[in-house]
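Remarks on the structure that follows.
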Amino acid sequence: MKKSGIIDIMDTAVIWIEGFVAAALVALAAWGAVSLTTEIVALLGEGPRFQLASYVAVLDVALVIFIIVELFRIAIAYLRKDDVIPTVLEAGLVAVARKLVTFDTHAAASDVLMKAGGLGLLLLAVGVTWYLLAKRNPRLLEIEEPKP
């Protein structure tokens, strides 16, 4: 078999793998939506008692679903051979936001400070990266209409 034949086979295999990963992400998002619905129903069943942990758990599931959706958008961009950098940065920001929203402050003070500092630096790094890329390419900040 010629080298180009092997490369074509591997390229086709990678496209199938990307398609499988995209389909798996859709299944995960659907499963997450069912889980989110279940948690919201359970939260509503608790009545008027306000328990912060319950609300944080619901927000955590919702943000995980957003991350999965962003990962799906990355997979689709790869399949379409589109620019994935803006979508990767969006996913990074959502992931950091999720960690900030669900931040646990019940650990030892030094652990909380270290974790908060790490999340702050991570958020700063993603933000600075986005700023530098947008400065170099202003089109990066344009919002695209969804493709049919």
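Which one of these does Leu113 not meet: (1) aliphatic (A, V, I, L, M); (2) surrounded by 12 or more Cβ atoms within 10 Å (Cβ to Cβ); (3) modelled with pLDDT of 80 or more? Every condition holds for Leu113 apart from (2). Cβ-Cβ contacts under 6 Å between residues 6 or more apart (or on different chains), taken from a first residue in the stretch 101-114 that is closer than 16 Å to Tyr55 by Cα to a second residue that is part of a helix (DSSP H, G or I) and of a type in the set (A, V, I, L, M), are listed as Val101/Leu59; Thr102/Val56; Thr105/Val112. Residues in the stretch 1-36 that are surrounded by 10 or more Cβ atoms within 10 Å (Cβ to Cβ), hydroxyl-bearing (Ser, Thr, Tyr) and out of contact with any helix residue (DSSP H, G or I) (no Cβ under 8 Å at 6 or more places or on another chain): Thr12 only. Val56 - would you say it is among the β-branched types (Val, Ile, Thr), within 22 Å of the chain's Cα centre (by Cα) and under 26 Å from Ala75 (Cα atoms)? So Val56 does not fit the description; no. Please indicate, with yes or no, whether at least one residue in the stretch 89-111 is closer than 30 Å to Asp11 by Cα and touching an Asp or Glu at 6+ places or on another chain (Cβ under 6 Å). Yes - at least one qualifying residue is present in the stretch 89-111.
On the given criteria, is Leu121 surrounded by fewer than 17 Cβ atoms within 10 Å (Cβ to Cβ) and at pLDDT 80 or above? So Leu121 passes the test.
The values are calculated or read from the model by the stated rules, or taken from the named source; none is laboratory data. Given the structure is predicted, the values throughout are model-derived calculations rather than measurements. So basically every Cβ, Gly included, is an ideal-geometry build from the backbone, and we count neighbours across all protein chains shown.
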